[in-house]
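The values are calculated or read from the model by the stated rules, or taken from the named source; none is laboratory data. Everything quoted here is computed from the prediction, not taken from an experiment. Cβ atoms come from the backbone with ideal geometry, glycine included; neighbour counts cover every protein chain shown.
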Amino acid sequence: MQSTLKTLRALAVKSALLGATLVSAHVATTAREVLAQTPTQALSSDTDKTLYALGAEIGNSLKIFNLSDEELKLVVLGLSEKLNGKANPELTAFSPKIGILAEERRKAQGEIEAKKGEAFLTEEAAKPGAVKTESGLVFTSTAEGAGASPKATDKVKVHYRGTLISGEEFDSSYKRGEPAEFPLNRVIPCWTEGVQKIKVGGKARLVCPSKIAYGERGTPGIPPNSTLIFEVELIEIVAEPAPAPAPAPAAEPVKVEPVKAEPAPAPADDHAGHNH
């Protein structure tokens, strides 16, 4: 038993597995408490860091369940027992209900996010310089540009940072170290509308209601019905490459008529005109 507990603690330190609570008959030590003694900065090997990333990815996939601390304990218990070959078959028989629970939690979380989003949009629209459009987008120019504004059919190059209203960042071209390029008519409607209001060289803050963002379904890292905030810098309207010149028409082949041989003249008749 003690060796099993020791293994679970070590696993939590190495991978911060699910960022969750370790459970056993005698121990309930949170992964955060363990990591306070061994912070993530101490994870030096590539394997340790990869295992931590594995835990973070698993945790991200579980966000939709909006688990309480007690529920998270049960998830970790099932995971640890499965890894140790001790999963209870009477409990694993409930696997088909995971999707049902996920949908119930998704709807409940969506209702909460929708209410929080409405209140946030009202606050944002009341701020100086903010303009609320018919779609619900709240647009605020933060730095005026001097160039042209793109059309919906244009391809643009931008830097951006996206956050939830909680301030949690879910995407950033700045962190990736390079701007993004995409056609404006192939992104979420909030971007299609909002970026057209920015001039090249300018910056703006787009507050996007969920209906013109990712809607009721959400997307990994973004809960359903989430109002999103984007800080966008329009770097360039990307010119379409000039079409390649049409190939010159092939010269028509010269038709060479075969030379017809002239018929050979008839041999001279030495007796022509002579009577015998």
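Gly99 satisfies every condition listed in (1) under 15 Å from Leu62 (Cβ atoms); (2) surrounded by 11 or more Cβ atoms within 10 Å (Cβ to Cβ) except (2). For the condition at pLDDT below 90, over 20 Å from Gly215 (Cβ atoms) and not assigned by TED's automatic domain parsing to the domain that holds Glu216, Leu62 qualifies. With a requirement of 3 or more residues that are closer than 22 Å to Pro224 by Cα, out of contact with any strand residue (DSSP E or B) (no Cβ under 7 Å at 6 or more places or on another chain) and touching a residue at least 24 places away in the same chain (Cβ under 8 Å), the helices (runs of 4 or more DSSP H) lying completely within the stretch 41-102 that satisfy it span 46-61. On inspection, Val207 fails the criterion of being more than 21 Å from the chain's Cα centre (by Cα), surrounded by 15 or more Cβ atoms within 10 Å (Cβ to Cβ), under 30 Å from Asn66 (Cβ atoms) and not small (Gly, Ala, Ser).
Screening Gly136 on (1) part of a helix (DSSP H, G or I); (2) touching a residue at least 40 places away in the same chain (Cβ under 8 Å); (3) under 30 Å from Ser210 (Cβ atoms) shows it passes everything except condition (1). The residue pairs whose first member lies in the stretch 222-244 and is farther than 28 Å from Phe120 by Cβ, whose second member is surrounded by fewer than 17 Cβ atoms within 10 Å (Cβ to Cβ) and of a type in the set (Asp, Glu), and whose beta carbons are closer than 7 Å, counting only pairs six or more residues apart or on different chains, are Val238/Glu181. Restricted to the stretch 106-149, and to residues there that are basic (Lys, Arg) and either more than 19 Å from Pro224 (Cβ to Cβ) or over 26 Å from the mean Cα position of the chain (by Cα) (or both), the residue that is surrounded by the most Cβ atoms within 10 Å (Cβ to Cβ) is Lys132. Within the stretch 156-171, the residues that satisfy the criterion of being closer than 20 Å to Glu124 by Cβ and touching a strand residue (DSSP E or B) at 6+ places or on another chain (Cβ under 8 Å) are Tyr160, Arg161, Gly162, Thr163, Leu164, Ile165, Glu169, Phe170, Asp171. So is Ser166 more than 14 Å from the chain's Cα centre (by Cα), under 19 Å from Ala114 (Cβ atoms), part of a loop (DSSP other than H, G, I, E, B) and free of Cβ contacts under 8 Å to residues at least 40 places away in the same chain or not? It is true that Ser166 is more than 14 Å from the chain's Cα centre (by Cα), under 19 Å from Ala114 (Cβ atoms), part of a loop (DSSP other than H, G, I, E, B) and free of Cβ contacts under 8 Å to residues at least 40 places away in the same chain. Among the residues making up the stretch 218-248, those that are at pLDDT 95 or above and either within 30 Å of Ala114 (Cα to Cα) or not aliphatic (A, V, I, L, M) (or both) are Asn225, Ser226, Thr227, Leu228, Ile229, Phe230, Glu231, Val232, Glu233, Leu234, Glu236. Evaluated against (1) without any contact (Cβ under 8 Å) to a residue 60 or more places away in the chain; (2) farther than 16 Å from Ser135 by Cβ; (3) under 19 Å from the mean Cα position of the chain (by Cα); (4) part of a loop (DSSP other than H, G, I, E, B), Tyr214 falls short on exactly one condition, (2).
Looking at (1) of a type in the set (Gly, Ala, Ser); (2) part of a loop (DSSP other than H, G, I, E, B); (3) surrounded by fewer than 12 Cβ atoms within 10 Å (Cβ to Cβ); (4) modelled with pLDDT of 50 or more, which is the one condition that is false for Ala25? Only one criterion is unmet by Ala25, namely (4). Does Val238 count as surrounded by 15 or more Cβ atoms within 10 Å (Cβ to Cβ) and among the β-branched types (Val, Ile, Thr)? For Val238, the condition - surrounded by 15 or more Cβ atoms within 10 Å (Cβ to Cβ) and among the β-branched types (Val, Ile, Thr) - is not met.
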